[in-house]
Structures are given as C-alpha cells and as structure tokens.
Amino acid sequence: MEKILVLAHADDSGASLTRHSLETVTAGQQLAAKLGAELAIGIVGGEAATLAKTLPSTGAKLLAISGEAFKQARYATDAAACEALSRAAAATIVLAPHSARFARVMAGVAHRLGGLIDTHIGTIGGDAAPQASRWFYRQRIEAILARSARPWFLLVDAGSYAAFAGEAGGAAVEAITVETPAVRTTVSGFRAPKQDEQTIRPDAKLLFVAGAGWTKKQPDGQTHVEEAGKLILGFLHGSGASLGSSKSLVDQGSEGNSVLPFLTHLNQVGQTGATPRHPKGLATCCHGEEPHVVGWRFIGQRRAISLDPNCGWTRGKADVVYIADAFQVVAKLNELLAAKK
Amino acid sequence: MPHALQIVVCAGIVPDPLQTLEPATTPAGPGIKNEMVLPAVLDPWAASALYEAAELVKKNPGSKLWLVSLGPKAKLQQVMMTVAQKVAFELVPVDGPIGGFTDAHATAAVLAEAIAAIPALDKTRLLIFGGWESATRGAGVTLQLIGERLGITEQFQGVDQIDLREDGSFEVLERVEGGKHQVSVCTAAPAVLGWATGNLAEPRNNPQIGMANMRTVMPALMRAKQVKLDANTLSYVSVSLPKQQRETRVEKEMTPEAIAAEIVEWIGKDN
Ligand SMILES: Cc1cc2nc3c(=O)[nH]c(=O)nc-3n(C[C@H](O)[C@H](O)[C@H](O)COP(=O)(O)OP(=O)(O)OC[C@H]3O[C@@H](n4cnc5c(N)ncnc54)[C@H](O)[C@@H]3O)c2cc1C
C-alpha cells in the first residue's frame, strides 16, 4: 500500500505555512483518499506547533523539523530536513509544493532516498496507480506520466489545487530530529530588483502584459517611451494588476536603448520567462506566440489590445482582441479607474 | 585578488523556440516530429550560464571553462558551430539522445560521470553551472542531481547574479516568489548554480574565438562517448498538443472610450 507524505514549509514570516503548501495538502488528501493510503504531513521552516495549527482536521500524522538552522531556505539544511522527514514517514509518494524553496532541493532529496522525481505537476489522476500531468517544451506540449518505482517525489505547481482550510486546534506534532549538516551558505535576506516599485503581484486578479510596441515608433513617427511608462504604471496603480512583459521589451534595457525603468527580466513571460497564473490577462502592444500562447498558458480570461488586425497569435488564444491604439485606450482606462476610486 | 576558478557549464541543445512543435511516437517513446531536422539552439537558460561563466573566467585569470553537452553528435556539431563563436571553452560532448521526454535522473547520471572524468579537475575551485530549467523538459532537477552525485551541497537555483569577493566567497541572487531575489553568501567553491536570465546580453560572434574553439571542438566530438539513457520506470500515458481553441471576438471599430469602458467592466467582475 502507498504511504503518502506531503512536505510543507513556512512563509517568509515563519508564522504560517505558504498557501502553496496548503494547496499541496489538498492534493495529498485527495490522493490518499483515492488510493486508500495513509497520509502524513511533514513541516519545515519554523515553529512546528504554530505552523501545524490548522492541520489536525486533516487526520494526517504530523511531523516537523525545527531549529534555527532550518528556518532559512538553503540547500544543505532543507535537503537534510526533507530527507529526514521522508525517511521518518517511510513514504512511497512524496508531494511537495513546486516553490522556489522546495524546487531547489527536492531532486537531491529524491536521489538520497533512492527515489525519482517529477516536477511542475498540474493534477494527479489515475486509478489504482497515480498518473501526473505536466507540460513539456515550455508549456507547449502536455503529457500525463507515471512511474512504477518508489519513492516517487512529485512537485505540484501553484494554483493546481484549492488551499486546505481547517479549523485551528491543538496539533500533536512529532518532532523529527536531524543533525544540522555542515553549511557554507548564509542567507542574508531578500532584494527587490532595482526598480522604482514592485510590479510583480502573484495574487493579482489581472496580468497586464506589455509588449515592445510601447517603445516603437507610433503613427506620428515618434517614440513615446516616457508616456508609455506613465500609462502602464498608471494602469497598474489603478487596477492592482501584476506586470508581465515580452522578451523584446525587457531586452531593450540591456542593449542601451531607452526602456521602461520599472521593467526587469523577472517581469518577462514566455518560454524563457514566467508563465504566471492569474484569472485574467490583458496583453497590450504584443505580437507573437510567446506572450500570447506560452505567457498566457495559465491565464483564465484573456483580452488583447493591438494595432495589428492580422496578428495570428491572438486568434484562437484570446477571448477578445481590440484593434486599437493602446496609448489611447490605456489613457482612457486610467481616467475611468481613477474616477471609480 | 583574482581567483582561478574551474567552471563546468552543463548545457543541452533544444529546438529553436520559434519552431512549431508536434509530438510524435518514436521507437524510444514519445518525441517531437522531425526532431533531428528542426533547427536547434543551445538551451536558452543554460546559454545565460555559459555567458556568465565566460565573464567570470575573463575576470579571474588562470580560470578555465568547460562546456558539457549531451546530444546526438551531428546536432551537437551543428549547434557548436554557432556557440563556439561566442566564448572560449573546452567542449566535453556526450553522444546520446535529446528531448524533453527522457528521464532527468538518467541525464544527470551521464553528465555527472562526464564531469568526474575531466582530467585534473580541482573540486575546491569548481563551480558547476547550467540553466535552472531546460526548454525541453523544464524540470529543474538535472543540476541538483549532478551536485548530489558529486557530493556538492551548496546549491542555488534561478540564479541571476554572482559576485565573487576578495576572500573567495561569493554572493548569489536567486529568484524566489513575488519578483524578488533571495540573497545568500557562500564561503567558497564547490557549488552548483542553476542560472535564470543573468545580466549579460548574448556575446557577439568573434571569429578568432571560433577558430580557437573549433580546433578542440572537432576532435572532442570525434571522441564523444555514446550513451543510452535509462527510463527509470518513467512511462507516458499521453502526450499531446493543447486543444483548447478559443472563439476570438475581434473588435475593429470600437472607439478607445468604448473599449476602455468595456475593459473596466470586465476587470471589475468577479469572474
Ligand atoms: C531563444 C528565444 C527565446 C524567447 N523567449 C521569449 C520569451 O520568453 N518571451 C517573449 O515574450 N518572447 C520570447 N522570445 C521572442 C519572441 O519570439 C518575440 O520576438 C517577442 O515575444 C516579440 O515581442 P513583442 O510582442 O513585445 O514585440 P513585437 O513583435 O515587436 O510586437 C509589437 C506589437 O505591438 C503593436 N503595437 C505597436 N504600437 C502599438 C500601439 N500604440 N497600440 C497597440 N499595439 C501597438 C504592433 O502592431 C506589434 O504587433 C524568444 C525568442 C528566442 C529566439
């Protein structure tokens, strides 16, 4: 019989589990129910009792690694912690969030346990034997895969399951001890890219994608980069949207051209960028497969504003395409959003 | 004081991202239709790693750069014609299959073995670079597995920057959630760094570098060891192109005012 372990970690505050961890708890519950398997949850990264407070209602066995060294997200310590939890649970299937923290270490952990790993998992289906779905070739081909070898580690993508929400209650958490491994790395904190303000908001309802058209010559024969910057920032302020960009637009920065000062490669969507998840997406001044097909892969409702009535990439991918000047439309949008506030 | 580094960059080759891809069934399992004839490029994120490595080598005299690449010999040769024009390296080719549907554990085992076999490699100066995810499998696990196999437990993923310090320690910026970087300092090599975009533009072609590289690239390709990759019980239930085709409403006549009003209403709705 399978034994399932869900690995979960604390958020930056150290006081709660990440939402993504709680989504993976749901994935674990569903899989355990389907397979009639035992479920355990292993916690890393903070005060176990506090972190586990909503988990007793899962009915799962709760395990945790505590200690100062394990609070920071770092390969050597996180790998040791996840290895110890996986061994303690004697798990045959280990589910973990595909977060930056766990993606950094989980393949190493699988290797230490003589196991195998698959990552970026969307959903886990199948009957007696689990089958996992994921994308290949940067979100262009989808596949369902399986493995017969155990232990099998699966990193589940954010937004694939609803987050587990349980009543807070006293949690009985078994403390797992592990020797602190030798570390040569000290984590000193976080740094936001050099930009005027934070434009990436993973929790936003809307993704606003800006393309290179914003910095190109406009019908009057001139570029209007400064105005473009003001309009885009104005829209982000008014709507609370997260900002994505095409590669062509962010790349201009490193080639010495004038470019929107608040954009970095972290904003880039597409094959060599991110494929963020938001319920809605609005693409502006973009052309091509990257921003529309790949960058939009996990976007629910999609609209685009483009001057190009023949852009084949929006057809079949967007719900609505407005053939119009994005400068004019976004200026009007900003007026309306300001009036609404 | 400069530090003489030994940097090994692991970089695969992938279909040019601008190609249309179609899955196909091959005797070895799922693959890409016409995979061998599709134009190929060096995996983009691994290419960032290569350019960053070359820059570090340039700044630290006495350093050396190897490029370890697994792929069919003929394809490797084709891609190296371009890559060799960009930065100086010694190629360590391994002749074997490419593609996203192979098992990363098998790839990592082959690459770790190729790295371990590099003569006179000094682990105290070793940095293993590569892309944090490939453009084919995109799993983000190969470098980690190589690190584990070589006993390197200082590892970083989604790296955009490395700053080497006087004392040989280095600061690393790794991408984390929410458009931020995690900042870490590692006291010394060895370490594994999976690169994201980094900060360098693609170097211009330099025929002199190209000529120097090709003198070693061609013999290395001739000697390349042929390998088979184990599936490690990985099996595919289905491989397909996404089917959802949307009914797109194309609005050509609406005024900016009308469009703006419609969009405001749309983004205000709960679903
Ligand atoms: C290895 C590799 C990896 C790549 N990875 C990525 C990636 O991850 N992400 C990515 O985005 N790209 C990527 N690309 C590049 C990609 O192929 C396209 O070149 C790029 O996405 C095009 O960017 P764009 O749409 O912003 O610009 P363009 O193609 O220049 O399109 C600009 C559009 O703006 C419109 N426009 C201009 N002015 C206005 C206006 N006033 N109002 C409305 N519309 C206007 C124009 O009609 C045009 O359609 C990659 C390429 C390669 C080779």
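Readers should treat all values here as calculations from the given coordinates under stated rules, not as data from a laboratory. Just so you know, these numbers come straight off a predicted model, no measurement behind them. Reconstructed Cβ throughout: ideal geometry from the backbone, glycine too, with neighbour counts over all protein chains shown.
Observations, loosely collected:
- Under 29 Å from residue A:61, Cα to Cα: lysines that are on another chain or at least 8 residues apart: A:3, A:34, A:53, A:71
- Peptide A:131-137 has a mean of 6 when you count, residue by residue, the C-beta atoms of other protein chains within 10 Å of its C-beta.
- Residue by residue along A:113-122, Cβ atoms of other protein chains within 10 Å of the local Cβ number 3 on average.
- Taking the C-alpha atoms only, the angle from helix A:326-340 to the longest principal axis of chain A is near 70 degrees.
- Number of partner chain Cβ atoms within 10 Å, mean per residue of A:232-242: 1
- Lys/Arg +1, Asp/Glu -1 at C-beta; region A:63-130 dipole; positive extreme among A:93, A:105, A:77: A:77
- Residue with peak Gaussian network fluctuation, chain B [Cα springs, cutoff 10 Å], from B:179, B:140, B:96: B:179
- For the pair residue A:224 and residue A:12, a Förster radius of 51 Å applied to the C-beta separation gives a FRET efficiency near 0.85, rounded to the nearest 0.05.
- Here the extension length gained between residue B:20 and residue B:187 equals 55.7 nm, from 0.36 nm per residue of separation less the Cα-Cα distance.
- Relative contact order, percent, chain A [alpha-carbon distance under 8 Å, six or more residues apart]: 14
- Charged-residue dipole, Cβ positions (Lys, Arg, Asp, Glu), region B:6-226 about Cα centre, Debye nearest 20: 680
- For region A:195-340, the Kirkwood estimate of the hydrodynamic radius, built from every pair of different alpha carbons, is 15.0 Å.
- Charge context of residue B:241, other residues only, Cβ under 10 angstrom, K/R +1, D/E -1: 0
- For chain A, the longest principal axis of the C-alpha atoms and the axis of helix A:75-89 are separated by about 50°.
- Residues in region A:304-324 that a label on residue B:261 would reach, taking backbone N under 19 Å of a point 7 Å out along Cα→Cβ: A:321-324
- Among B:191, B:232, B:219 the positive-end extreme of the charge dipole of region B:180-271 (Cβ point charges): B:219
- Among the GluC sites (Glu not before Pro) in region A:241-338, those placed in a DSSP loop whose Cβ has at most 14 other Cβ atoms within 10 Å are A:255.
- Angle between chain A longest axis and helix A:19-35 axis [Cα atoms, degrees, rounded to 10]: 50
- Summary: within chain B, the longest segment free of trypsin sites (Lys or Arg not before Pro) located in DSSP loops with at most 14 other C-beta atoms within 10 Å is B:34-164.
- Cβ-Cβ FRET estimate between residue A:163 and residue B:208, R0 fixed at 41 Å, reported to 0.05: 0.15
- Charges were assigned to the Cβ only: +1 to each Lys and Arg, -1 to each Asp and Glu. The resulting dipole of the protein assembly as shown about its Cα centre is roughly 800 debye.
- Note: relative contact order over region A:3-175, using C-alpha pairs below 8 Å and six or more positions apart, is 30 percent.
- Pairwise label distance in nanometres, residue A:277 with residue A:175, each label 7 Å out on the Cα-Cβ vector: 3.5
- Using a cutoff of 8 angstrom between alpha carbon atoms and counting only pairs six or more residues apart, the relative contact order for chain B works out to 24 percent.
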